[in-house]
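The values are calculated or read from the model by the stated rules, or taken from the named source; none is laboratory data. The model shown is predicted, which means the values in this text are computed figures rather than measured ones. Positions of Cβ are generated from backbone atoms using ideal geometry, with glycine treated the same way; all protein chains shown enter the neighbour counts.
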Amino acid sequence: MAKREIETGPQGPAGPLTMAAFLGAVVIGGGNFPAVALSNKDLEPLYGATVRFAAAAVIMFAITFLGGYRLPRGRAATGAAIYGLLGFGLSYGLLYFAVDGLGAGTTSVIVAAVPLVTLAIAVLHGQERFSTRRVVGGLLVIAGFAIISAEKLGAADRPIYLIAGALGVLSIAASSVVIKGYPQAHPVTSNAIGMAAGAIFLAAGSVVFGEHWSMPASGRTWLALIWLVGFGSVGLFILFLYVIKNWTASGTVYVVTLMPVVAIPFAALILDEKVRPSVVVGASLVIAAVYVGALRREQPRRDARLQETPEPVPDPASGT
């Protein structure tokens with residue numbers, strides 16, 4: 001019965017449960033950026049990400065066994081592990097580093113470049129068809145990213161932070177296409193394996209880079225970690241995999257495109273970050289991209305004689 005909710009792509013609206021999960025992931029994900037910035041004040045970036053995903057993996061495995069879910073096997077397990085290495089390990093290691101140098105608000109908008117990259121990878125892998133409208137949406141995202149990053153490139157910040165953000169975007173996009181290309185398991189079990197794989201990768205990176213491991217020193221850091229583990233990992237990625245199971249990869253990743261709507265004001269309120277005019281302009285283009293690339297319905301043209309078939313797939317039995 002749930003299969004009736006599956007859409008052919010972002011050109012059509014997702015089902016109500018899928019859209020509710022989509023919006024929930026947007027709100028939670030937007031709150032993650034200032035939480036990461038707070039975590040980074042006390043904890044080394046890779047170590048902080050390791051703690052986050054290791055704790056979340058333990059919770060996911062507990063839910064798996066208490067709920068009687070079966071862990072994926074074979075190709076499904078392989079897909080979950082690769083998804084975790086890319087989506088939790090490599091991408092979050094890079095993004096935690098980027099937040100350290102660029103701030104929560106700017107990094108969140110850089111991450112909004114994910115949809116166009118995901119679409120390109122999905123088309124190359126034959127998962128989705130090329131769509132001019134989705135490309136336009138992706139280009140609006142890139143325009144927003146260019147407006148924001150242009151000022152940063154001319155500032156004193158090292159370009160390495162921008163490079164880390166861009167590589168993080170690539171990793172997120174690749175992880176979304178990977179998990180879509182493997183047999184689908186339950187979101188809880190896929191995330192349990194993926195987060196465990198990502199945490200191991202992050203821990204190894206933390207050791208290699210000689211990070212200092214310590215307990216959080218402030219109550220704000222503990223609160224940030226509680227948010228990042230509970231809502232920002234367990235909650236967010238259950239919702240994310242639910243959406244991607246019932247929609248396309250390039251449609252689902254528009255979750256991260258809407259995150260600046262939440263992240264920028266959160267960062268201003270919680271972290272006292274200044275909201276530059278360029279950030280507002282860039283974020284506005286990003287929001288427009290979400291509408292154009294993912295949420296706008298394809299309406300029949302005024303000349304209905306040329307498009308008598310409505311957007312939903314017609315019933316073959318009707319003879320139309």
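Here are some notes:
Yes/no matrix, rows are residues, columns are (1) in a loop (DSSP other than H, G, I, E, B); (2) modelled with pLDDT of 75 or more; (3) more than 25 Å from GLN184 (Cα to Cα):
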residue: LEU236; (1), (2), (3): no, yes, no
residue: PHE240; (1), (2), (3): no, yes, no
residue: VAL255; (1), (2), (3): no, yes, no
residue: MET259; (1), (2), (3): no, yes, yes
residue: ILE264; (1), (2), (3): no, no, yes
residue: ALA268; (1), (2), (3): no, no, yes
residue: LYS274; (1), (2), (3): yes, no, yes
residue: GLU308; (1), (2), (3): yes, no, yes
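- Qualifying positions in the range 218-232 - within 19 Å of LEU258 (Cα to Cα) and either in contact with a Lys or Arg (Cβ under 6 Å, 6 or more places away or on another chain) or acidic (Asp, Glu) (or both): LEU228
For (1) crowded, with 23+ Cβ neighbours inside 10 Å; (2) in contact with a Leu (Cβ under 7 Å, 6 or more places away or on another chain); (3) closer than 20 Å to LEU17 by Cα; (4) of a type in the set (D, E, K, R), each residue gets a yes or a no:
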site	(1), (2), (3), (4)
ASN191	yes, yes, yes, no
MET195	yes, no, no, no
ALA204	no, no, no, no
HIS212	no, no, no, no
THR221	no, yes, no, no
VAL229	no, no, no, no
LEU236	yes, no, yes, no
LYS245	no, no, yes, yes
ALA249	yes, no, yes, no
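- Number of the condition not met by ALA185 [criteria: (1) surrounded by fewer than 21 Cβ atoms within 10 Å (Cβ to Cβ); (2) outside any helix (DSSP H, G or I); (3) not polar (S, T, N, Q)]: (1)
- Residue within the range 209-226 that is in a loop (DSSP other than H, G, I, E, B), among the aromatic types (Phe, Trp, Tyr) and touching a residue at least 24 places away in the same chain (Cβ under 8 Å) present: yes
- Of the candidates THR78, THR64, THR106, THR50, the single residue that is among the polar types (S, T, N, Q) and modelled with pLDDT under 90 is THR106.
- Given (1) closer than 17 Å to GLY230 by Cβ; (2) out of contact with any Phe, Trp or Tyr (no Cβ under 6 Å at 6 or more places or on another chain), index of the condition ARG70 fails: (1)
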